[in-house]
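The structure appears below as structure tokens.
The values are calculated or read from the model by the stated rules, or taken from the named source; none is laboratory data. Here the structure is a predicted model, which is why all the values come from computation and not from measurement. So basically every Cβ, Gly included, is an ideal-geometry build from the backbone, and we count neighbours across all protein chains shown. For accessibility, only protein heavy atoms count, side chains too; no ligands or nucleic acids. Shrake-Rupley method; radii C 1.70, N 1.55, O 1.52, S 1.80 Å.
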Amino acid sequence: MNLIIKGGYVYDPINKVNGEKMDIYIKDGKIVEELPEHKAKVIDASGMVVMPGGVDLHSHIAGSKINLGRLLRPEDHRKDPVPRTRVTRAGVGYSCPSTYIAGYRYAQMGYTTVMEPAMPPLGARHVHEELNDTPIVDKSAYPLFGNNYFVLKYVREGDLEMLKAFIAWLMRATRGYAIKIVNPGGVESWKWGKNVDGLDDTVEGFDVTPRQIITSLARANEELGLPHTIHLHCNNLGVPGNYQTTLETMRAVEDVKPKEGRENTLHIVHCQFNALAGDSWATLRSGAPEIAKYVNSHRHVTLDLGQVIFTDTTTMTGDGPWQFRLYNLTGNKWVNSDVEMEAGAGVVPYTFRKKNPVNAIQWAIGLELALLIYDPWRVYMTTDHPNGGPFTFYPKVIAWLMSRKARTDTMLEIHRAAMRKTTLADIYREYDFYEIAITTRAAPAKVLGLGEKGHLGPGADGDVAIYDINPTEWRPSMYREVEKAFSRAKYTIKGGEIVVVDGEVVSTPLGKTYWVDVEIPEDLEGELMKDLEEGFRNYYTISLSNYPVEDAYLPVQRRVEVVGWR
Amino acid sequence: MPVYRSVVCPFCGCLCDDLEITVEDNRIVKVRNGCAISTSKFLHHHENRVENPLIDGKPVALEEAVKEAAEILKSARRPLIYGLSSTECGAIAKAIELAELIGGVVDNTASVCHGPTILALQTLGESKCTLGTVRNRADLIIYWGCNPLEAHIRHLTRYSAMARGLYTSGGRKDRYVVAVDVRETRMKRVADLFLKVNPGGDYELLSALRAVVRGYGLDVDEVSGVPRDVILELAERMKKSRFGAIFFGLGLTQSEGRHMNIEAAIGLVADLNHHTKFVLIPMRGHYNVAGANTVTTWQTGYPYAVDFSRGYPRYNPGEYTAVDLLARGEADAALIIASDPAAHLPYKAARRLAEIPTIVLDPKRSMTSMISRVVIPTAAAGIEAEGTAYRMDGIPIRLKKLMEPPEGVLPDAEVLSLIIEEVMR
Ligand code: SF4
Ligand SMILES: [Zn+2]
């Protein structure tokens with residue numbers, strides 16, 4: 001079907017279109033220059049906002065971790081049962097939505113691309129099976145590298161070539177998209193019940209430091225020229241004073257040479273959780289201004305927010321020692337799950353409370369980061385779903401970003417620590433629709449290296465969101481309207497197909513799964529296979545030949561070819 | 001004569017993936033690396049097959065059987081779909097879709113084995129790991145209410161007591177092994193320490209250990225038949241280990257106390273994590289019972305006992321569990337997939353199954369197939385069909401297809417798709 005989206009106010013930052021009234025044409029699933037009107041279905045978007053489909057680069061929607069969250073929390077599901085309709089499957093929502101519901105709800109908000117950011121390689125099939133049951137959106141998953149036995153081994157040996165070969169191999173074996181690192185070294189130490197306390201601590205059992213792991217992986221990533229940078233969950237997450245670790249981490253990769261054509265070498269995930277100043281919970285304050293200052297003067301860093309929402313949610317990370325800490329802080333239920341040779345994970349339910357001073361500060365930190373960093377191309381809106389809160393609250397975050405009044409109204413309801421221990425009240429900046437389009441689609445698509453996403457130029461995927469709000473009449477005081485409009489897209493179009501009308505799902509195509517394929521030079525691959533065979537025989541519990549994910553798990557795939565060695 | 005290597009064994013939750021299987025004239029003639037159970041099951045695979053789709057015992061065409069099945073399910077008010085732990089995940093997904101479509105209840109065999117484990121998890125959480133983590137690290141292993149020598153024969157050598165790994169190159173001699181059971185089992189010969197606990201005394205013993213780990217004294221001479229000194233020493237050993245693991249089985253989940261027992265074990269293990277690293281791992285029996293829970297959870301939010309009668313999933317073990325639904329005389333039709341509840345469920349539930357129109361999908365004849373209105377033979381996953389299975393520790397592994405199923409016989413997932421199409425017609 002061909003489509004013409006007529007007369008909307010278009011926000012397409014990659015093509016520098018800022019709210020101009022123009023028509024968008026889609027043919028065979030792609031954006032085209034122009035189309036004759038009689039050959040297309042026309043959607044009247046006059047008086048509405050038109051943007052590329054939303055792109056979420058960090059949301060835990062698939063795999064063993066979120067599924068442990070689902071298993072752990074029947075009480076969460078009971079708040080939000082979702083019945084079957086003529087076109088959609090039944091399920092549950094809230095903080096650990098079932099796969100179908102996650103796909104629908106992203107589409108209902110105008111999102112068309114979502115990345116699962118923590119795939120334990122041994123559980124890769126599980127991730128892909130869930131992604132295949134997550135309809136509509138395009139997606140990918142980032143395999144965990146930061147505590148992998150072979151990574152630690154090659155880092156210890158200082159063998160960057162073997163490290164690169166291993167990265168290429170594991171990407172293909174797991175059908176992964178980017179290098180995810182979680183508490184580098186700390187998760188390995190956690191297998192002995194320990195942790196690392198900073199960049200220069202030694203990893204239990206290996207003669208390496210987190211600093212070495214991060215810089216080696218960043219170097220390998222840029223030398224291979226992967227589409228995204230390393231995707232890093234820093235050490236010391238959730239520890240008061242950790243903004244210093246975060247700054248040190250950013251500094252540590254300053255001299256890593258970026259891949260040709262970009263300036264960035266490091267993405268820091270859910271930075272809010274890593275921007276705490278003060279030396280205890282009692283003296284906690286925001287470290288966001290320091291982080292923003294650094295980011296504003298250094299081009300190699302990007303980050304996402306991990307914005308806190310005041311609600312009951314479920315925290316889940318690949319950071320076992322942090323989840324154990326949180327369990328001890330809260331006394332809530334606790335799941336720990338260690339994965340041989342590779343990774344680990346933990347799950348703890350958590351409620352962010354308005355009257356809790358720590359939570360109030362955390363809430364403000366996320367917004368400070370978004371507002372104090374001038375360049376929206378380098379700071380992306382996320383809640384680290386479901387860690388800071390469910391992704392269904394994105395429209396609320398958009399309202400906070402666009403309206404100081406929205407922030408003030410919330411600040412008046414929450415603990416005064418948000419006023420006293422952060423700078424949020426002093427910030428008058430408000431995002432406009434253009435900047436929202438940057439932080440929620442254009443910029444994440446760009447930093448992921450997804451050329452066909454995040455914009456509406458010819459050749460882009462026909463992924464479009466239309467929101468029923470008139471930007472020429474909207475004022476920041478009307479923040480509830482913007483929240484409403486972004487909650488239920490007037491239309492969502494995915495690959496040229498209308499999937500949402502008036503906030504309701506009308507069709508459920510299966511999106512594609514991106515993965516990165518880097519060819520390994522033959523001699524290097526031979527050497528690598530020898531190591532892998534030995535490692536698998538001696539330490540794994542499944543055969544090397546049964547490890548790589550088969551094509552059967554990627555019914556709709558998009559292989560991104562990368563030339564890693566020239 | 002094709003020889004398949006690195007074959008995954010679909011006969012218990014260990015999912016050993018290093019078998020070598022020789023197929024001759026579409027028949028398995030040789031099995032290497034399999035345990036006794038596995039070898040025998042592979043070699044006898046061709047026996048006792050359901051040869052034809054049947055309605056009321058009479059051979060019919062597949063289309064007819066599918067039609068009858070759809071008719072039964074459509075006209076039922078409280079249809080039950082049950083089994084699922086001995087098939088691959090694609091079939092499990094289809095079964096859930098069908099349950100949703102007909103507004104039925106979908107349950108899997110976890111409800112009669114590790115259901116209490118899941119209930120305890122939903123109350124408290126769990127500290128667990130993959131089997132390789134135990135292989136590589138555990139210097140203290142406790143088998144509680146389980147007997148791998150009989151039920152998971154290669155567990156000891158591949159994954160636990162005897163396995164050699166990264167920090168356990170000495171294998172068995174690098175570990176201290178404890179077995180706890182209500183009667184002496186062959187595990188006594190494997191273990192350094194065997195504790196015979198009084199029947200029904202698991203909860204007490206676990207609680208005593210927990211109290212000692214927490215630093216309280218014991219002012220009794222024995223707990224549940226285990227002397228005080230032994231408890232004190234074991235608690236000390238647990239705290240001093242570098243990496244401890246408790247494997248537990250039906251001896252703990254299905255004995256007096258049930259989910260309370262598991263809660264006590266979870267609490268003990270959580271406390272031990274303040275001293276060292278400790279994990280707790282259920283020994284799942286059927287090869288893909290973990291998969292049945294996993295798929296049901298990602299599709300509905302709940303692991304088993306899911307009711308769709310209101311159009312959305314509801315979860316209530318004890319109410320929507322197959323045994324209860326049948327014993328209450330509530331289920332008025334049943335679709336059984338890869339399971340034999342007529343042989344294994346309590347009498348009242350099994351009797352109900354014989355009273356109502358029952359449909360069974362199974363490669364083999366069973367008690368259930370004898371009492372079923374409709375019988376549809378299917379290809380055996382892991383032998384005649386591919387698919388995913390989840391190992392007892394949650395690792396997803398791809399099952400292999402080694403040979404063609406008998407003429408006209410389809411995998412479970414395909415038969416279920418046909419039934420779904422027919423129901424939607
Ligand atoms: S232990 Fe279980 S999985 Fe392994 S060979 Fe025996 S029956 Fe098969
Ligand atoms: Zn995250």
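Does A:Asn18 satisfy the condition of being farther than 19 Å from A:Gly451 by Cβ and touching a Leu at 6+ places or on another chain (Cβ under 9 Å)?
no
Do we find that B:Asp18 is within 14 Å of chain A (Cβ to nearest Cβ) and over 19 Å from B:Ile336 (Cα atoms) in this structure?
Yes; evaluated as a whole, the condition is true for this residue.
Tell me the helices (runs of 4 or more DSSP H) entirely within region A:377-456 that contain at least 1 residues that are of a type in the set (S, T, N, Q) and more than 16 Å from ligand 2 (Cβ to nearest atom).
In region A:377-456, the matching helices (runs of 4 or more DSSP H) lie at A:404-411.
Do you know which of the residues in region A:420-451 that are over 23 Å from the mean Cα position of the chain (by Cα) and hydrophobic (A, V, I, L, M, F, W, C) is farthest from A:Val379 (Cα to Cα)?
Among those residues, the one meeting the criterion is A:Ala425.
Looking for whichever is more than 30 Å from A:Gly344 (Cβ to Cβ) and among the aromatic types (Phe, Trp, Tyr) here; the options are B:Tyr390, B:Tyr347. Which one fits?
B:Tyr347
Name the helices (runs of 4 or more DSSP H) wholly inside region B:293-398 in which the number of residues that are away from every other protein chain (no Cβ under 14 Å), over 24 Å from A:Arg89 (Cβ atoms) and under 16 Å from the mean Cα position of the chain (by Cα) is 2 or more.
Hits in region B:293-398: B:341-344.
Please tell me if B:Lys58 is away from chain A (no Cβ under 11 Å), farther than 22 Å from B:Pro363 by Cβ and more than 19 Å from the chain's Cα centre (by Cα).
Details: away from chain A (no Cβ under 11 Å): yes; farther than 22 Å from B:Pro363 by Cβ: no; more than 19 Å from the chain's Cα centre (by Cα): yes.
Judged against the criteria, B:Lys58 is not a match.
Residues of region A:44-60 being buried (at least 24 other Cβ atoms within 10 Å of the Cβ) and not in a loop (DSSP other than H, G, I, E, B), which ones?
Those that are buried (at least 24 other Cβ atoms within 10 Å of the Cβ) and not in a loop (DSSP other than H, G, I, E, B): A:Val49, A:Val50, A:Met51, A:Pro52, A:Gly54, A:Val55, A:Asp56.
Any chance you could count how many residues in region B:322-338 are of a type outside the set (Gly, Ala, Ser) and open to solvent by less than 10 Å² (accessible area, probe 1.4 Å)?
5
Failed condition for B:Gln254, given (1) of a type in the set (S, T, N, Q); (2) outside the structural domain of B:Ala338 (by TED's automatic domain parsing); (3) surrounded by 22 or more Cβ atoms within 10 Å (Cβ to Cβ), with all others met?
Condition not satisfied by B:Gln254: (3).
Please work out if A:Lys333 is open to solvent by 10 Å² or more (accessible area, probe 1.4 Å), closer than 19 Å to A:Gly388 by Cα and within 14 Å of chain B (Cβ to nearest Cβ).
The answer is yes for A:Lys333.
Can you name the condition, by its number, that A:Glu290 falls short on among (1) away from ligand 2 (no atom under 16 Å from the Cβ); (2) open to solvent by less than 10 Å² (accessible area, probe 1.4 Å); (3) away from every other protein chain (no Cβ under 14 Å)?
For A:Glu290, the failing item is (2).
Search region A:301-326 for residues that are crowded, with 23+ Cβ neighbours inside 10 Å and pair each with any residue that is part of a helix (DSSP H, G or I) and of a type in the set (Asp, Glu) when their beta-carbon atoms are under 8 Å apart and the residues are at least 6 apart or on different chains.
A:Thr314/A:Asp76
Looking only at residues in region B:146-160 that are crowded, with 24+ Cβ neighbours inside 10 Å and of a type outside the set (Ser, Thr, Tyr), which one is nearest to the other protein chains (Cβ to nearest Cβ)?
Residue satisfying both the conditions and the ranking: B:His155.
From the list A:Ile438, A:Ile466, exactly one residue is touching a residue at least 24 places away in the same chain (Cβ under 8 Å) and under 28 Å from A:Met1 (Cβ atoms). Which is it? Reasoning before the result, please.
On the way: A:Ile438 fails: under 28 Å from A:Met1 (Cβ atoms).
The conditions single out A:Ile466.
Does region A:67-78 contain at least one residue that is open to solvent by 10 Å² or more (accessible area, probe 1.4 Å) and more than 9 Å from chain B (Cβ to nearest Cβ)?
Within region A:67-78, none of the residues are open to solvent by 10 Å² or more (accessible area, probe 1.4 Å) and more than 9 Å from chain B (Cβ to nearest Cβ).
In region A:393-419, how many are open to solvent by less than 10 Å² (accessible area, probe 1.4 Å) and under 16 Å from A:Tyr467 (Cβ atoms)?
Total satisfying the criteria: 8.
Report yes if some residue within region B:307-316 is in contact with a strand residue (DSSP E or B) (Cβ under 6 Å, 6 or more places away or on another chain) and closer than 22 Å to B:Arg373 by Cβ; otherwise report no.
No, the conditions are met nowhere in region B:307-316.
Taking region B:242-267 on its own, how many of its residues are farther than 13 Å from B:Gly125 by Cβ and among the aliphatic types (A, V, I, L, M)?
6
Could you list, in sequence order, all residues of region A:249-265 that are crowded, with 16+ Cβ neighbours inside 10 Å and out of contact with any His (no Cβ under 6 Å at 6 or more places or on another chain)?
The answer is A:Thr249, A:Met250, A:Ala252, A:Val253, A:Val256, A:Pro258, A:Lys259, A:Arg262.
For region B:400-418, name all the residues that are open to solvent by 30 Å² or more (accessible area, probe 1.4 Å) and closer than 16 Å to B:Val374 by Cα.
If the condition is that a residue be open to solvent by 30 Å² or more (accessible area, probe 1.4 Å) and closer than 16 Å to B:Val374 by Cα, then B:Leu410, B:Leu418 are the ones that fit.
Can you tell which of A:Ser98, A:Ser59, A:Ser140, A:Ser64 is within 16 Å of ligand 2 (Cβ to nearest atom), within 14 Å of chain B (Cβ to nearest Cβ) and touching a helix residue (DSSP H, G or I) at 6+ places or on another chain (Cβ under 9 Å)? Break it down into steps so the answer makes sense when it comes.
Details: A:Ser98 fails: within 16 Å of ligand 2 (Cβ to nearest atom); A:Ser59 fails: within 14 Å of chain B (Cβ to nearest Cβ); A:Ser140 fails: within 14 Å of chain B (Cβ to nearest Cβ).
Only one candidate qualifies: A:Ser64.
Whether any residue in region A:450-468 is charged (D, E, K, R) and more than 22 Å from A:Met115 (Cβ to Cβ) is what I want to check.
Residues of region A:450-468 that are charged (D, E, K, R), as a first pass: A:452-453, A:461, A:463, A:468.
Filter once more, keeping what is more than 22 Å from A:Met115 (Cβ to Cβ): A:468.
Yes, that holds for at least one residue.
What residue, of B:Ser111, B:Ser40, is polar (S, T, N, Q), out of contact with any strand residue (DSSP E or B) (no Cβ under 7 Å at 6 or more places or on another chain) and more than 16 Å from ligand 1 (Cβ to nearest atom)?
B:Ser111
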